[in-house]
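To start, the structure itself, in structure tokens.
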Amino acid sequence: MEIMSKSKKIIPELRFPEFKDAGEWNYVAGNKLFDSIADKNHNSDLPILAITQEYGAIPREKIDYTVIATDKSIENYKVIQKGDFIISLRSFQGGIEYSKYTGICSPAYIVLRKKNVFDDMFFKHYFKTDLYIRNLNKNLEGIRDGKMVSYKQFSEILLPFPTIQEQQRIASCLSSLDEVIEAHNKKLELLKEHKKGLMQNLFPQEGEKVPKLRFKEFEKEGEWKEKKLSEVAEINPSTKELPQEFIYIDLESVENGVLKQKKQIHFENAPSRAQRLLKKRDIIFQMVRPYQKNNYHFFPSDNFDYVASTGYAQLRAFQSSEYLYQYLHTDIFVNKVLEKCTGSNYPAINSSDLSKLSVKISKNPKEQQKIASCLFSLDRAIEAQAEKIKQLELHKKGLMQSLFPKIKS
């Protein structure tokens with residue numbers, strides 16, 4: 001069936017050379033391309049698919065995703081075939097998901113199955129564009145109150161529809177870029193795994209007094225010491241007075257070890273929790289839900305004063321601040337913190353319990369610094385790799401904005 005529009009036409013900003021003279025694109029309503037399917041004809045023997053913004057539709061066992069479902073409820077699940085698209089409760093945020101798998105999903109989702117000939121990957125990418133997500137949000141009252149995009153609402157949105165050949169060319173370009181991004185993500189994970197393995201060997205484990213792996217120049221240094229955290233760092237040093245202006249670090253300011261926002265405020269407007277005046281190389285340790293976002297931060301040597309919320313413990317190392325920072329990330333220390341946390345919704349550790357936790361430390365400050373330098377060099381490689389992925393994703397986003405035209409009103 002030929003699908004075309006008799007009224008409005010559209011052209012992308014960026015076009016591959018072989019299609020420059022191919023004329024304008026047609027567009028078509030969603031229900032001309034997709035049917036809503038409620039196929040429940042299964043014996044509950046198909047894999048249950050999780051519908052995610054990151055992976056699309058994917059078997060639950062392939063990701064860390066656990067939902068308890070009774071045998072009776074699974075009988076009511078919908079069948080998803082390979083190549084189907086799925087509207088989820090979060091489609092207003094992340095677009096429509098694609099399935100590379102055959103399986104079943106909750107009846108709460110809307111399963112879209114192609115009814116005409118087109119390139120699946122073309123729409124897989126298009127349904128993730130900012131442009132389409134904005135169109136999906138138009139006139140959807142109450143969508144953020146738990147309502148889902150309906151098939152009727154999906155059907156009213158016009159979709160660009162170039163020739164199959166041009167669809168395939170665009171899809172191939174974007175899929176190739178996805179493969180590059182995936183390869184870089186794998187490299188990032190390998191770097192993280194490498195650092196994790198190093199940390200397990202560079203620091204003594206439970207019951208050990210020396211690490212499994214030691215730099216050659218320190219092999220004869222002997223056993224490490226085990227001390228309380230309060231013996232290797234001053235915890236919450238007293239602050240006499242705050243500066244007139246400073247950067248305030250609250251519990252939302254730091255993520256993955258990075259200060260993501262600088263909230264500059266005046267002393268007179270300071271929140272009551274702004275009490276931790278930081279010096280260069282101080283470490284802040286988030287006491288509420290620790291380790292959920294890797295929330296520590298070293299502060300740069302710039303001209304700003306930094307003041308942290310009392311939601312953080314402030315640690316000022318007596319020797320190597322860099323060594324202590326890395327030790328706080330070891331599995332052995334993380335587990336000790338989590339064991340001391342109390343509370344279910346907002347598990348937290350108090351400063352007193354934190355100060356009593358043991359830290360294993362080399363007697364030689366040079367060994368401490370060598371370990372820290374090694375691990376920080378890996379941190380820099382990880383940061384550089386993450387930045388490379390970020391730039392590739394931005395490049396893809398910009399490319400998508402140019403390869404898919406804006407439908408004129």
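Each reported figure results from applying straightforward, stated rules to the coordinates on display, with no laboratory input. Because the structure is predicted, anything quoted here is derived from the model rather than measured. Using ideal geometry, Cβ is built from the backbone for each residue, glycine included, and neighbour counts are taken over all protein chains shown.
Fewest Cβ neighbours within 10 Å first, please rank L357, L159, L49 accordingly.
L357, L159, L49
Pairs of alpha-carbon atoms within less than 8 angstrom and 6+ residues apart define the contacts here; what relative contact order does the chain have, in percent?
Reported relative contact order: 17 percent.
Pop a pseudo-label 7 angstrom from the Cα along the beta-carbon direction at both E252 and K388 and give the gap in nm to one decimal.
3.4
Using the Cα centre as the reference, give the magnitude of the dipole from point charges on the C-beta atoms of the chain (Lys, Arg: +1; Asp, Glu: -1; all else neutral), rounded to the nearest 20 debye.
240
Any idea which of F304, S320, N335 is furthest toward the positive side of the dipole for region 276-389, if Lys and Arg beta-carbons carry +1 and Asp and Glu beta-carbons -1?
Checked the options; the winner is S320.
Find how much the distance from K138 to Q53 grows on full extension, using 0.36 nm per residue of separation minus their present alpha carbon separation; answer in nm with one decimal.
Between K138 and Q53, full extension yields 28.6 nm more.
Would you mind ranking K128, K32, K138 by Cβ crowding within 10 Å, fewest neighbours first?
Ranking K128, K32, K138 by Cβ neighbours within 10 Å, fewest first, gives K138, K32, K128.
Report the residue, chosen from Q292, Q275, Q319, that carries the largest GNM mean-square fluctuation when the chain is represented by alpha-carbon nodes joined by springs under 10 Å.
Evaluated over the chain, the most mobile residue of the options is Q292.
Taking the Cα centre of region 176-226 as origin, work out the dipole magnitude from +1 charges on Lys and Arg Cβ and -1 charges on Asp and Glu Cβ, in debye rounded to 20.
My answer is approximately 200 debye.
Run the reach check for K263 against lysines, Cα to Cα strictly under 25 Å, same-chain hits fewer than 8 apart removed. What comes back?
K240, K279, K280, K293, K390
Just checking my list (i) 30.2, 101; (ii) 50.0, 166; (iii) 27.3, 83 against Rg and Dmax of the Cα atoms in Å computed from this structure; which label fits?
(iii)
For every other residue with a beta carbon closer than 9 angstrom to the beta carbon of A171, add +1 if it is Lys or Arg and -1 if Asp or Glu, then tell me the sum.
0
Among the listed pairs K192/K260; K186/K388; K227/K356; K100/K406; K209/K360, which are separated by more than 18 Å between their Cα atoms?
Check vs 18 Å cut-off fails for K192/K260; K100/K406.
Using the 10 angstrom Cβ neighbour count as an exposure proxy, how do L354, L251 rank, fewest first?
Taking fewest neighbouring Cβ atoms as first place, the list is L251, L354.
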